[in-house]
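**Q** If you scroll down you'll find the structure; I have some questions about it.
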Amino acid sequence: YAVSHGLQWHEDSTNTDSAYKRNCIRNEIFPIFERLNPSFLTTLNEDMERFAQVQSIADEYVHSVSAEVVRHDSDGLPVIDHERLTSQLNWEYVLFRLLEPFGFTSSAVADLADVLKSRGTVSGRKFFASEYLAVTSATGIQVIRSVDFTDGHFGRKDCHLFCSTGGHFDKFSDRSAHVAEPAASVAEPV
């Protein structure tokens, strides 16, 4: 790359230090693989190109399904029609890709998918990310910001009250009564 773009080569002094994981892999592990299979690096590079193509196909699929199952609220946040979503192929992957940009972990999305797969009540479940909350209804999953309305910081305690009061605060309510915070990916009724 450097030669083809007329750049002067500079060797980073840390490149030979295998104390760094990336260098340990490059300096110690890859040579072992090359001894076992001399075409290892060529095959790895070819596979990486194929993985990039697979990623492109997955991106196109998620975009296509998203157009069918997602609408956006007035704040631009997604509302996912979970009945339409779950009728799609690989819907759990699509759900993860839709929620990942909002900080939802794979375990939180897996918990949400388990609720959608169950034959039980879907409405009133909530799933937490650091700054967002996904709340289920009979037909949808609404992503909302989890805002602490007193000091501008995000907080699950306030989300709990916000959701349990139908999306608004009673200015006279005692928010300090809501002290229990659920685990990061645990679903609970609103």
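The values are calculated or read from the model by the stated rules, or taken from the named source; none is laboratory data. If you're wondering where the values come from, they're calculated on a predicted model, not measured in any experiment. Cβ atoms come from the backbone with ideal geometry, glycine included; neighbour counts cover every protein chain shown.
**Q** Which pairs turn up if I take residues in region 1-20 that are touching a residue at least 12 places away in the same chain (Cβ under 8 Å) and over 18 Å from P31 (Cβ atoms) and look for partners that are surrounded by 10 or more Cβ atoms within 10 Å (Cβ to Cβ) and hydroxyl-bearing (S, T, Y) with beta carbon separation below 9 Å, at least 6 apart in sequence or on another chain?
**A** Close Cβ pairs satisfying both conditions: none exist.
**Q** Report whether or not S137 is farther than 16 Å from V65 by Cβ, more than 18 Å from the chain's Cα centre (by Cα), of a type in the set (G, A, S) and at pLDDT 90 or above.
**A** Numbers: farther than 16 Å from V65 by Cβ: yes; more than 18 Å from the chain's Cα centre (by Cα): yes; of a type in the set (G, A, S): yes; at pLDDT 90 or above: yes.
It is true that S137 is farther than 16 Å from V65 by Cβ, more than 18 Å from the chain's Cα centre (by Cα), of a type in the set (G, A, S) and at pLDDT 90 or above.
**Q** Return the pairs, sorted by first residue and then second, in which the second residue is outside any helix (DSSP H, G or I), the first residue lies in region 57-68 and is within 19 Å of H82 (Cα to Cα), the beta carbons are less than 8 Å apart, and the residues are 6+ apart or on different chains.
**A** Close Cβ pairs satisfying both conditions: Y61/N90; V65/Q88; E68/Q88.
**Q** Filter region 52-87 down to residues that are more than 20 Å from R125 (Cβ to Cβ) and crowded, with 17+ Cβ neighbours inside 10 Å, then give me how many there are.
**A** Count: 2.
**Q** List every residue pair whose Cβ atoms lie under 7 Å apart, where the two residues are 6 or more positions apart in sequence or sit on different chains, the first residue falls within region 92-116 and is of a type in the set (G, A, S), and the second residue, located anywhere, is outside any helix (DSSP H, G or I) and surrounded by fewer than 19 Cβ atoms within 10 Å (Cβ to Cβ).
**A** G103/S130; G103/E131; S107/S185; A108/A184; A108/S185
**Q** Which pairs do you get when a residue that is under 23 Å from D12 (Cβ atoms), found in region 22-45, comes within reach of a residue that is of a type in the set (G, A, S), reach meaning Cβ atoms under 6 angstrom, with the pair 6+ apart or on two chains?
**A** Sorted first by the residue in region 22-45, then by its partner, the pairs are C24/S18; N27/S18; E28/S18.
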